[in-house]
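For reference, the structure is listed below as structure tokens.
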Amino acid sequence: MRTVDLIQKKRDGKELSTEEIYWLIDGYAKGDVPDYQMSALAMAIYFKGMSTRETSDLTMAMVGSGQQFDLSAIPGIKTDKHSTGGVGDKVTLILAPLVASFEVPVAKMSGRGLGHTGGTLDKLESIKGFQIERSEEEFIKQVQDINIAVIGQSDQLVRADKLLYALRDVTATVDIIPLIASSVMSKKIAAGSDAILLDVTVGDGAFMKTIEDAKQLSRTMVDLGKAVNRQTIAVITDMSQPLGRAIGNRLEVLEALDIMQGRGREDITHFICELAQLMLDLAGVTKSLDEIKEHLVNGRALDKFKQMVLAQGGDLDDLFRPSTAACVTEVYAEKTGYITALPALEFGLYAMRLGAGRAVKTDLLDFETGIVFDKKVGDSVEEGEIIAKIYSNEKIDSKGLTNFQKNVTIGEEKVIPKEIITIIR
Ligand code: URA
């Protein structure tokens, strides 16, 4: 077989056979297929798509390209969760300990942020000492001991995805359903959990811009999971505005701590409880929303979070420390009305430029910077009231403030945002 012939086949809109897909992925993981040919193939897939069979073959070929975790030594139904990415998405920081606080094992492999989207690993690393690298043995032992571990993807787990994802990032081939579905599901399958909750974000700040595309991605991933006997459900969630109040690593940890002390905004608190209910249900545990919410008020979820921080080397004395960003700039409402739009993409990029995110993989993060919104879509505001605070290390000049203000839309009619749009089983 020759890679060039397979690129041409896909470029011309033909289906690749199972054997051809395995050959390509195996060759890529071993370094026999070079990046430049893989980028051409990714672009051909971008334009010509893949059949259900091809997507399934690609997923399983990627699963086989590296290590696979065997979690059978952990009793019970092991659960995992994955978001397709967003702005201010600190859900895992709260959801994982919340579910684990009901004695359900959460064995979670998370990712880093890139561009306007944030990543759970970066948020966790804003806690002094927190280690995201764990061997398979350490990962299993921690879940056995305390029911929760959130770690990074090792070099060996789904090796082909690790290489391909980095390549897609720099070749404009991320936002295409077969490549997202195979990337997400190969990691979830290889990481070994029995039950998987997929949070498929849709809107301005997400890879999927329309509900139709989000539904198709969800259906594809749910079917991939079910085909290998993993209980899988997808929840399509809104990413037209940032999630919750904070964007930025330390600021999001602080918001997560607030939520786990019953002090979060009602909308995000309720949303996370709904996700927890679905995840618990996958593990065969039925709880009412009130029972779940109670663990965010009585400290059970927070205790679980602290146990994880301690188990992964984090410094509990540093946990509640406020952001040390040098400047905090208040942004005021220019008129009275209701917030009608806070575009997630724009604010994600704004926070990235403050140092909270990476433009390229090698960028160093500033954990302390970001944005905290006092007002969200649907909230009423009075002229002159604080809408948000910008945490930066350099003074925000009038141009920076104007750039922020121009993305805040205030109208006369109240709009009611909906966090969960639909569930695909
Ligand atoms: N998250 C992933 O893990 N992979 C993608 O392709 C997109 C989001």
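The conditions are (1) surrounded by 22 or more Cβ atoms within 10 Å (Cβ to Cβ); (2) closer than 30 Å to PRO242 by Cα; (3) modelled with pLDDT of 95 or more; (4) among the hydroxyl-bearing types (Ser, Thr, Tyr), and TYR46 fails exactly one of them. Which is it? All conditions pass for TYR46, except number (1). Evaluating ASP223 against the criteria (1) crowded, with 23+ Cβ neighbours inside 10 Å; (2) at pLDDT 95 or above; (3) not polar (S, T, N, Q) leaves one unmet condition, (1).
If you go through the stretch 378-402 one residue at a time, how many are within 24 Å of GLU413 (Cα to Cα) and acidic (Asp, Glu)? Summing the residues that are within 24 Å of GLU413 (Cα to Cα) and acidic (Asp, Glu) in the stretch 378-402 gives 4. Considering only residues in the stretch 190-201 that are more than 13 Å from the ligand (Cβ to nearest atom) and in a strand (DSSP E or B), the one that is farthest from the chain's Cα centre (by Cα) turns out to be ALA195. How many of the residues in the stretch 337-356 are touching a Ser or Thr at 6+ places or on another chain (Cβ under 8 Å) and under 14 Å from VAL408 (Cα atoms)? Within the stretch 337-356, residues that are touching a Ser or Thr at 6+ places or on another chain (Cβ under 8 Å) and under 14 Å from VAL408 (Cα atoms) number 9. No other residue among LYS108, LYS123, LYS141, LYS90 is basic (Lys, Arg) and within 14 Å of the ligand (Cβ to nearest atom) apart from LYS108.
Exactly one of these conditions fails for ALA172: (1) within 14 Å of the ligand (Cβ to nearest atom); (2) under 15 Å from LYS78 (Cβ atoms). Give me its number. Condition not satisfied by ALA172: (2). Could you say whether any residue in the stretch 32-41 is open to solvent by 40 Å² or more (accessible area, probe 1.4 Å) and under 24 Å from the mean Cα position of the chain (by Cα)? Taking every residue of the stretch 32-41 in turn, none turns out to be open to solvent by 40 Å² or more (accessible area, probe 1.4 Å) and under 24 Å from the mean Cα position of the chain (by Cα).
So, in the stretch 89-118, of the ones that are of a type in the set (S, T, N, Q) and modelled with pLDDT under 95, which residue ends up nearest to THR79 (Cα to Cα)? If we take residues in the stretch 89-118 being of a type in the set (S, T, N, Q) and modelled with pLDDT under 95, then SER110 is nearest to THR79 (Cα to Cα). Only one entry in ALA351, ALA325, ALA359 is in contact with a strand residue (DSSP E or B) (Cβ under 9 Å, 6 or more places away or on another chain), of a type in the set (A, V, I, L, M) and either assigned to a strand (DSSP E or B) or open to solvent by 40 Å² or more (accessible area, probe 1.4 Å) (or both), namely ALA359. Here THR92 meets the list (1) without any contact (Cβ under 8 Å) to a residue 60 or more places away in the chain; (2) open to solvent by 30 Å² or more (accessible area, probe 1.4 Å) almost entirely, failing just condition (2).
Residues that are of a type outside the set (A, V, I, L, M), under 19 Å from SER110 (Cα atoms) and more than 16 Å from the ligand (Cβ to nearest atom) were ranked within the stretch 64-84; the one that is surrounded by the most Cβ atoms within 10 Å (Cβ to Cβ) is THR79. Taken together, the residues in the stretch 152-168 that are within 16 Å of the ligand (Cβ to nearest atom) and touching a strand residue (DSSP E or B) at 6+ places or on another chain (Cβ under 6 Å) amount to 2. Residue check: LYS399 meets all listed conditions (1) surrounded by 15 or more Cβ atoms within 10 Å (Cβ to Cβ); (2) of a type outside the set (S, T, N, Q); (3) not in a loop (DSSP other than H, G, I, E, B) but one, namely (1).
The values are calculated or read from the model by the stated rules, or taken from the named source; none is laboratory data. It should be emphasised that the depicted structure is a prediction, and the values quoted were computed from it without experimental measurement. When we count neighbours, we look across all protein chains shown, and the Cβ atoms used for this are built from the backbone with ideal geometry, even at glycine. Just the protein is used for accessible areas: all its heavy atoms, side chains included, with ligands, DNA and RNA removed. Shrake-Rupley method; radii C 1.70, N 1.55, O 1.52, S 1.80 Å.
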